[in-house]
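Coordinate-derived values only; no laboratory data. Just so we're clear, the structure is a prediction, and the values are computed from it rather than from any experiment. Reconstructed Cβ throughout: ideal geometry from the backbone, glycine too, with neighbour counts over all protein chains shown.
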Amino acid sequence: MARVYNFSAGPAVLPEQVLREAAAEMLDYRGSGMSVMEMSHRSKTYQGILDEAEADLRGLIGIPDNYRVLFLQGGASQQFAMIPMNLMKNRVADYIVTGQWAKKAWQEAAKYGTANKIASSEDQTYSYIPDCSDLPVSENADYVYICENNTIYGTKFKTLPNTKGKPLVADVSSCFLSEPVDITKYALMYGGVQKNIGPAGVVIVIIREDLITEDVLPGTPTMLQYKIHADAGSLYNTPPAYGIYICGKVFKWLKDLGGLSAIQKMNEEKAAVLYDFLDESSLFKGTVRRQDRSLMNVPFITGSDELDAKFVMEAKEHGLENLKGHRSVGGMRASIYNAMPMEGVRSLVEFMKKFEMENK
Ligand SMILES: *Cc1c(COP(=O)(O)O)cnc(C)c1O
């Protein structure tokens, strides 16, 4: 067996220990005689898995009792519609567009009401986070929306926008559990788990209780109502049961590492190794404004499409995979999520140094 260093933006690397545990429990989950994949989601054993996952997630983030945790399906993209359908009481929402995911969310919301783009960084290919300290937040906005970490462009909000008292809704798909967060600053936080937490198929929504109401837009499907899922404890219908089980293992792995402060420190150390090299390299350069750099997704270029392609190909031969940048921006992107070990980042930088020497 040869594992590579997988820099994919998502689905992405998972902790090896989690994969090993899942493998060991594959045929017989703790004496049940069956795999978690084969288990009724209404069984006591599965309820235990779900409850423990939620409790561990609550513990990691420090989620107070007035927030609900929902394990849903449909990916992050389904939330682009579910959020306006459930929260647009006045049919007005403000969007800060810092990348393609935020743009898609904004475009989707426009189907349901007035979606105002109150800030954007599109003018410079989303390579920075705009100043959000004094935006023209709409008087009757139901919420202000951000994509907190822009997976494709490698930018991250280091300070949350001033929403002028309006509820903040955040897509945290690619920075979920990468550092401590004060959940009370958010009305709703959500993320697809396939970036930093688990296998594709699960999306986690953390939502303040007072936002969960029956007062949704007319025609909202039952399956797209937060209240339905909250009232049923994420078991309205069959949940993505196996995916949630893996998420639960990742939560335990994070707890054992020391929680979110500990993983933040590791993430900062890993990112520094790569950014420090990019800052001194004569061949490679980062594409993001320094103060807005993500700890999770690191885009970089050589300046030559040909050299970029050569780099990606030769890196793969060295067991460094999925370094090609998003198809919309080109160049390279190293996603260095929680589960990417420091050795992976060091190997990448060593290889970049070698490549630089050979291609100067
Ligand atoms: C990947 C990603 C999405 C889309 O996720 P799906 O689960 O494929 O719908 C949305 N937002 C962000 C920030 C992402 O990184």
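For region 162-181, the set of residues classified as crowded, with 24+ Cβ neighbours inside 10 Å, within 20 Å of residue 81 (Cα to Cα) and either free of Cβ contacts under 8 Å to residues at least 24 places away in the same chain or more than 12 Å from the ligand (Cβ to nearest atom) (or both) consists of 169 only. Is it true that residue 298 is under 30 Å from residue 148 (Cα atoms), in contact with a Phe, Trp or Tyr (Cβ under 8 Å, 6 or more places away or on another chain), in contact (Cβ under 8 Å) with a residue 60 or more places away in the chain and surrounded by fewer than 22 Cβ atoms within 10 Å (Cβ to Cβ)? Considered against the rule, which asks whether it is under 30 Å from residue 148 (Cα atoms), in contact with a Phe, Trp or Tyr (Cβ under 8 Å, 6 or more places away or on another chain), in contact (Cβ under 8 Å) with a residue 60 or more places away in the chain and surrounded by fewer than 22 Cβ atoms within 10 Å (Cβ to Cβ), residue 298 comes out as no.
Do we find that residue 97 is under 17 Å from residue 168 (Cα atoms), touching a residue at least 24 places away in the same chain (Cβ under 8 Å) and surrounded by 21 or more Cβ atoms within 10 Å (Cβ to Cβ) in this structure? Walk me through how you get there before you give the answer.
Numbers: under 17 Å from residue 168 (Cα atoms): yes; touching a residue at least 24 places away in the same chain (Cβ under 8 Å): yes; surrounded by 21 or more Cβ atoms within 10 Å (Cβ to Cβ): yes.
Taking the combined requirement at face value, the residue satisfies it.
In this structure, does residue 198 turn out to be within 14 Å of the ligand (Cβ to nearest atom), of a type in the set (Gly, Ala, Ser), in contact with a Gly (Cβ under 7 Å, 6 or more places away or on another chain) and in contact (Cβ under 8 Å) with a residue 12 or more places away in the chain? Here the answer is yes, as residue 198 does meet what is asked. Scanning region 122-139 for residues that are in contact with a Lys or Arg (Cβ under 9 Å, 6 or more places away or on another chain) and either of a type in the set (S, T, N, Q) or surrounded by fewer than 17 Cβ atoms within 10 Å (Cβ to Cβ) (or both) yields 122, 124, 127, 134, 138. Residues of region 9-27 that are buried (at least 18 other Cβ atoms within 10 Å of the Cβ) and part of a loop (DSSP other than H, G, I, E, B): 9, 10, 12, 13, 14, 15. Here the strands (runs of 3 or more DSSP E) wholly within region 60-150 that include at least 1 residues being more than 24 Å from residue 180 (Cβ to Cβ) and more than 12 Å from the ligand (Cβ to nearest atom) are 92-97, 114-120.
Say we look at region 278-295 and pick out the residues that are under 25 Å from residue 177 (Cα atoms) and in contact with a strand residue (DSSP E or B) (Cβ under 8 Å, 6 or more places away or on another chain); which of these is surrounded by the most Cβ atoms within 10 Å (Cβ to Cβ)?
Just the residues of region 278-295 that are under 25 Å from residue 177 (Cα atoms), to begin with: 286-295.
Narrowing the set further to residues that are in contact with a strand residue (DSSP E or B) (Cβ under 8 Å, 6 or more places away or on another chain) leaves 286-289, 292-295.
Details: 286: 19, 287: 23, 288: 23, 289: 13, 292: 20, 293: 23, 294: 26, 295: 24.
Selected residue: 294.
From the list 215, 231, the lone residue that is free of Cβ contacts under 8 Å to residues at least 24 places away in the same chain and either of a type outside the set (Asp, Glu) or farther than 26 Å from residue 299 by Cα (or both) is 231.
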